[in-house]
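Participant: Below you will find the structure I want to go over with you.
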Amino acid sequence: MPARVEQPGLDERRSRRVEELLAEMSLDEKLAQLVGVWLNVNREEGVVAPLQDSMQGEDVQFEAFAKDGVGQITRHFGTRPVEPEWARAALAGRQRWLRESTRLGIPALAHEECLTGLAAWRATTYPAPPAWGASFDPALVEEMGRRIGESMRSLGVHQGLAPVLDVIRDQRWGRVEECVSEDPYEVATICAAYVRGVQSTGVIATLKHFVGYSNSRAGRNLAPVHAGAREVADTLLFPFEVAVRDAGAGSVMNSYAEIDGVPIAADPHYLTEILRDRWGFEGTVVADYFAVAFLHTLHAVAEDAGDAAVQALTAGIDVELPTGVTYLEPLRQAVAEGRIEESLIDRALRRVLRQKAWLGLLDDDYDPEPSGPVDLDDPESRDLARRLAEESVILLTNDGVLPLAGDRRIAVVGPNADDVAALFGCYSFVQHVLPHFPGVETGLAAPTLLDALRAELPGARIGTAKGTGVDDGDRAGIPDAARLAAESDVAILVLGDRSGLFGRGTSGEGCDAESLDLPGAQRELAEAVLATGTPTVVVLMTGRAYAVPSIIEKAAAVVQAYFPGEEGAGAIARVLSGAVNPSGRLPMSMPRGIAGQPYSYLHPRLGGAGSVSNLDPAPVLSFGHGLSYTRFEYADLTAEAEVAAGAPIRCSVVVRNAGDRAGAEVVQVYAADRIASVTRPLAQLVGYARVELEPGRAAKVTFDVPARLLSFTGRDGRRVTEPGEVGLSVRRSVADVVDERTVTLTGPVYEFKGSERRLTGVSIEDHN
C-alpha cells in the first residue's frame, strides 16, 4: 500500500510572500485572482462545455480582462487545434505580460482537461476511465498519470481537470464513460494512483465531481440527486476521501448536482465541513464550468449573479471557472452592499496564492517558458497507451473460436469496424474539440480496428461491410453484411458507441440513454449476422455496458473494450489473434434488461430477486468477470477466525496458473456483514491484486484488510464496525465464489475517528 501523501507545504519565504501580496492587494486585484479567462471560444462552432452561452459578454481581449491580474487561464491548448510549440510560446508570452504589465506581477495558473491524456492536439490519447477500471492495475494508471503530468508541465500547464471519482450508479448516464467503476473501493484505488502520478510531476490534479453527480435520477445529466446521507457517506464520498487524505490531491471541483434540493455549489456541509474540517483538505476548490452562475440560472436558489457568488464563496468555492461571470463585478457589488465580508474573499485568495507559491509562480526567478522540445505523443507514451489498452480488453465469453487462426476468410462488419472515432471518449481532444473543426486531422497515428486486424492477421482473407451506422437506424446495408458473414469462416462484428457531447453522440456528457439496448439498428445487424450460423466474435467498443443477453448467448465469443484510445485497435486485434492473453475484468455489471433499471452489485438483500417482485435485476455478467486463454486455480484460503471490531483482518490465498501460457489473474476479495444494525451489501470488494504468472507457477497473495472497509454509518450517524460474523471470500467475480471463511468480530462497537487506514495492503510472494 502506498504511503500517505502529505498536502504540499510552503517554506517560510514563500509563505511570507503570500501574506505580503494579500496585504497589498485592492479588492479588484483580489477578485481577479479568483476567476479564469477563456479565450478564443467560438460559440457558432458548437459547445465544449454545458450552457457555454453563460459566458460573459462577447469575446474578451486578454490584456483588458487581466488588467488587475487573473487567477487562471482556461484551456489554452484545449479549445481549438493549435501547434503545441507555438501555443507554448504564446502562453509564456501571456505570463510575461502578467509579470511585467500588471501592478503586482502575479502569473496565472493554466489548466487543461486531461481525463484520457492531455486534451490537446497531437497529444497521446489513452483509454477511457472504464478501461482503467477493467485493468485493475493502479500501478499502470499511476504511470499513465505521471506521463500526462509530464506532458502538461512541458507546456507550462499547472493544473489538470481529472480524474473523475463518481461511482457508477446508473448506466444510462452519458458520463459513465468518464467513470472508473461501480465499486467505490476500486474507484478510490485507481483514481488515487492517477492523482499520485500527475502530482509527482509538480502538476495539480483536480478531483471531479464532488459529490453525487453520478446518482442523478433516471441517469439524466444534471438531474436532481435524491440520495440518503448514508448512501452518500458510505458509497459516494469514499473515493474522494482516499484521494484527498491518502493521495494528497491539490484541487477539488464541485459537482453540478443538487442533493435533496441543495446544490453542492452552495452547500458548506460538503465543501467545508467534510472536505476541509473533517478531511483536512488544504488545496483549492474550483467551480465546475459555470456552476456558480447555475445557482441562479438553473437551480434558482440565488436571486441574481451576486447572490450566487455570495452563496458559492461562503460554501467554499475558491475559484470560479471558466470565466468571471459572478466573482468579478457581482461579487464586488455584494461586498459594497455588505452582503458578504471581505474576509471570505481573503480566505479563498490565500488558498489560491499559496497554491501559486507552491508551483513557483510567485518566485522572483520564475521562468514562464519551459525548456526542451515538445513531443506530446512520444514513443514511451504510446507504449504506455498500448499496455493499458491491452490490459483493459475483457474476454466475456469464448467457445474456443479465439484465438483466431490467421489463414481464414474473415468478415469484419459493423459500424465501429472502420471508424477511428470509435476508439476515443468524449473528453479526448478528437471527440471534444475536433468535431467543431471539420477537415483537421486527428494528429494521431491511430489505425481503425479493421486496419489493425489486417496488419495482425496478414494471412487472412478479410472482407468488410458496415451494415449500419452507430445510431442512424439505416438498415439498408444489413443484408450485405449478413451475406459477407455467411460466405466467411469467421465473422468479427464490431458494435458500440460514438462518443460526443450534448446529444452529438450515443455516449458522453449530455448523451444519456433512455434504453440500454444497443443504439440504432445495431441489434438487428447482430441478429442477422448471428443467424447465418457463421462463428461470430462480437467486439463491443462502448462507453457503458449494454444489455446484450442474446449476443452473449449466441455469439462464439464476446469482447468488451471501453474506448481504448489511440493504441486500442491494435490491442483488440492482438487479443483476438492470441498475441495478447486477455486479462481485463468488468468494472461495471452487464445488465440483462434494456429498460435500464439502475443496478449496482452493492445491493442489500432486498435489492436482489425474490418472491415479492416478478423482476430479477441480476446482470447477465457480473462485476469482476473476465476470461483468459489460460486457467487459474485457487487453494489454501486462510483468514483469522476472530479479530476485534476495529482491527484489520489478514487473509491469504494461493493462485496457480494451471494452463499452458502466461497470463494475469485478478484476485478479488469480498466481505459480507451478515447481520448489522442497518442493511448491508451482500458482498463488497475490500481488496484485489493483479497477479502475473507463467505456466505452472503459483503465488501466495496476502491481504491486510483495514477495518475501515468493513465500517458503515450506523443508525445514529456514527461510522462504526459492529461485533458479529463477516464472510470473507475470494472470488473470480462477485457472482463466482471460489472459497469463503467466516471471521468473527469481537468486543464492543468500534467508532472510527477518521485517522484509521483506508486501503488494503497487498503482498505477492512466489509459492513454488
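The values are calculated or read from the model by the stated rules, or taken from the named source; none is laboratory data. This structure is a prediction, so every number in the text was calculated from the model and none was measured. Cβ: placed from backbone, ideal geometry, glycine included. Neighbour counts: every protein chain shown. Note: areas computed on protein heavy atoms with side chains; ligands, DNA, RNA excluded. Shrake-Rupley method; radii C 1.70, N 1.55, O 1.52, S 1.80 Å.
Participant: From the list Leu621, Leu606, Leu576, Leu615, which residue is free of Cβ contacts under 8 Å to residues at least 60 places away in the same chain and among the aliphatic types (A, V, I, L, M)?
Facilitator: On inspection, the qualifying residue turns out to be Leu615.
Quick grid of which residues meet (1) at pLDDT below 95; (2) farther than 30 Å from Asp11 by Cα; (3) touching a strand residue (DSSP E or B) at 6+ places or on another chain (Cβ under 8 Å); (4) acidic (Asp, Glu):
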| site | (1), (2), (3), (4) |
| --- | --- |
| Arg351 | no, no, yes, no |
| Ala357 | no, no, no, no |
| Gly372 | yes, no, no, no |
| Asp378 | no, yes, no, yes |
| Ile394 | no, yes, yes, no |
| Leu402 | no, yes, yes, no |
| Gly406 | yes, yes, no, no |
| Val412 | no, yes, yes, no |
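Participant: Check Ala334, Ala348 and return the single one that is under 33 Å from the mean Cα position of the chain (by Cα) and under 24 Å from Leu313 (Cα atoms). Talk me through it step by step, then tell me what you get.
Facilitator: Numbers: Ala334 fails: under 33 Å from the mean Cα position of the chain (by Cα).
Just a single option satisfies the conditions, and that option is Ala348.
Participant: All but one of (1) buried (at least 22 other Cβ atoms within 10 Å of the Cβ); (2) under 24 Å from Gly400 (Cβ atoms) hold for Thr468; state the number of the condition that does not hold.
Facilitator: (2)
Participant: Look at the stretch 475-524 and say how many of its residues are surrounded by 16 or more Cβ atoms within 10 Å (Cβ to Cβ), under 31 Å from the mean Cα position of the chain (by Cα) and either of a type in the set (Ser, Thr, Tyr) or not in a loop (DSSP other than H, G, I, E, B) (or both).
Facilitator: Going through the stretch 475-524 one residue at a time, the tally reaches 10.
Participant: Would it be correct to say that Asp636 is surrounded by fewer than 19 Cβ atoms within 10 Å (Cβ to Cβ) and either at positive phi or of a type in the set (Phe, Trp, Tyr) (or both)?
Facilitator: Yes.
Participant: Please verify whether the stretch 596-605 includes one or more residues that are touching a Leu at 6+ places or on another chain (Cβ under 8 Å) and assigned to a helix (DSSP H, G or I).
Facilitator: yes
Participant: The conditions are (1) more than 17 Å from Arg523 (Cβ to Cβ); (2) outside any helix (DSSP H, G or I), and Gly467 fails exactly one of them. Which is it?
Facilitator: Of everything listed in (1) more than 17 Å from Arg523 (Cβ to Cβ); (2) outside any helix (DSSP H, G or I), Gly467 misses just condition (1).
Participant: If we only count helices (runs of 4 or more DSSP H) wholly inside the stretch 370-464, which ones have 3 or more residues that are open to solvent by 60 Å² or more (accessible area, probe 1.4 Å)?
Facilitator: 379-392, 449-456
Participant: Tell me the residue from Leu728, Leu709 that is more than 21 Å from Arg631 (Cβ to Cβ), surrounded by 19 or more Cβ atoms within 10 Å (Cβ to Cβ) and touching a helix residue (DSSP H, G or I) at 6+ places or on another chain (Cβ under 8 Å), please. Give the derivation first.
Facilitator: Details: Leu728 fails: touching a helix residue (DSSP H, G or I) at 6+ places or on another chain (Cβ under 8 Å).
So the residue among Leu728, Leu709 that is more than 21 Å from Arg631 (Cβ to Cβ), surrounded by 19 or more Cβ atoms within 10 Å (Cβ to Cβ) and touching a helix residue (DSSP H, G or I) at 6+ places or on another chain (Cβ under 8 Å) is Leu709.
Participant: Turning to a different aspect of this structure: Residue under question is Ala265, and the condition is that it be at positive phi and in a helix (DSSP H, G or I); does it hold?
Facilitator: no
Participant: Turning to a different aspect of this structure: Take residues that are touching a Gly at 6+ places or on another chain (Cβ under 6 Å) and either open to solvent by less than 10 Å² (accessible area, probe 1.4 Å) or not acidic (Asp, Glu) (or both) and tell me which of the helices (runs of 4 or more DSSP H) falling wholly in the stretch 271-365 contain 3 or more.
Facilitator: Fully inside the stretch 271-365 and qualifying: 329-336.
Participant: Something else: Kindly establish whether Arg217 is open to solvent by 30 Å² or more (accessible area, probe 1.4 Å), in contact (Cβ under 8 Å) with a residue 40 or more places away in the chain and of a type in the set (D, E, K, R).
Facilitator: It is false that Arg217 is open to solvent by 30 Å² or more (accessible area, probe 1.4 Å), in contact (Cβ under 8 Å) with a residue 40 or more places away in the chain and of a type in the set (D, E, K, R).
Participant: Just a yes or no: is a residue in the stretch 184-203 among the small types (Gly, Ala, Ser), open to solvent by 10 Å² or more (accessible area, probe 1.4 Å) and either in contact (Cβ under 8 Å) with a residue 24 or more places away in the chain or closer than 30 Å to Arg718 by Cβ (or both)?
Facilitator: Within the stretch 184-203, one or more residues are among the small types (Gly, Ala, Ser), open to solvent by 10 Å² or more (accessible area, probe 1.4 Å) and either in contact (Cβ under 8 Å) with a residue 24 or more places away in the chain or closer than 30 Å to Arg718 by Cβ (or both).
Participant: When you go through Leu627, Leu576 one by one, which is the residue that is open to solvent by 50 Å² or more (accessible area, probe 1.4 Å), within 29 Å of the chain's Cα centre (by Cα) and modelled with pLDDT of 95 or more?
Facilitator: Selected residue: Leu627, the only one of Leu627, Leu576 that is open to solvent by 50 Å² or more (accessible area, probe 1.4 Å), within 29 Å of the chain's Cα centre (by Cα) and modelled with pLDDT of 95 or more.
Participant: List pairs: first in the stretch 721-737 and under 22 Å from Ser677 (Cα atoms), second of a type in the set (Lys, Arg), Cβ under 6 Å, 6+ apart or cross-chain?
Facilitator: From residues that are under 22 Å from Ser677 (Cα atoms), the pairs are Glu725/Arg674; Leu728/Arg741.
Participant: Let me ask you something else. Among the residues of the stretch 625-636, is any in contact with a Phe, Trp or Tyr (Cβ under 7 Å, 6 or more places away or on another chain) and more than 23 Å from Asp399 (Cα to Cα)? Steps first, answer last, please.
Facilitator: Of all residues in the stretch 625-636, those in contact with a Phe, Trp or Tyr (Cβ under 7 Å, 6 or more places away or on another chain) come to none.
Looking through the stretch 625-636, none of the residues is in contact with a Phe, Trp or Tyr (Cβ under 7 Å, 6 or more places away or on another chain) and more than 23 Å from Asp399 (Cα to Cα).
Participant: Let me ask something else. Collect the residues in the stretch 172-183 that are surrounded by 24 or more Cβ atoms within 10 Å (Cβ to Cβ) and either touching a Ser or Thr at 6+ places or on another chain (Cβ under 7 Å) or not hydroxyl-bearing (Ser, Thr, Tyr) (or both), keeping them in residue-number order.
Facilitator: Trp173, Gly174, Arg175, Val176, Glu177, Glu178, Cys179, Val180, Glu182, Asp183
Participant: Among the numbered criteria (1) open to solvent by less than 20 Å² (accessible area, probe 1.4 Å); (2) touching a Gly at 6+ places or on another chain (Cβ under 7 Å), which single criterion is violated by Arg146?
Facilitator: (1)
Participant: Where residues in the stretch 656-676 are without any contact (Cβ under 8 Å) to a residue 60 or more places away in the chain and open to solvent by less than 40 Å² (accessible area, probe 1.4 Å), which of them is nearest to Tyr185 (Cα to Cα)?
Facilitator: The qualifying residue nearest to Tyr185 (Cα to Cα) is Ala671.
Participant: Here's another thing I want to ask about it. Could you tell me how many of the residues in the stretch 58-105 are open to solvent by less than 10 Å² (accessible area, probe 1.4 Å), in contact (Cβ under 8 Å) with a residue 60 or more places away in the chain and of a type in the set (A, V, I, L, M, F, W, C)?
Facilitator: 4
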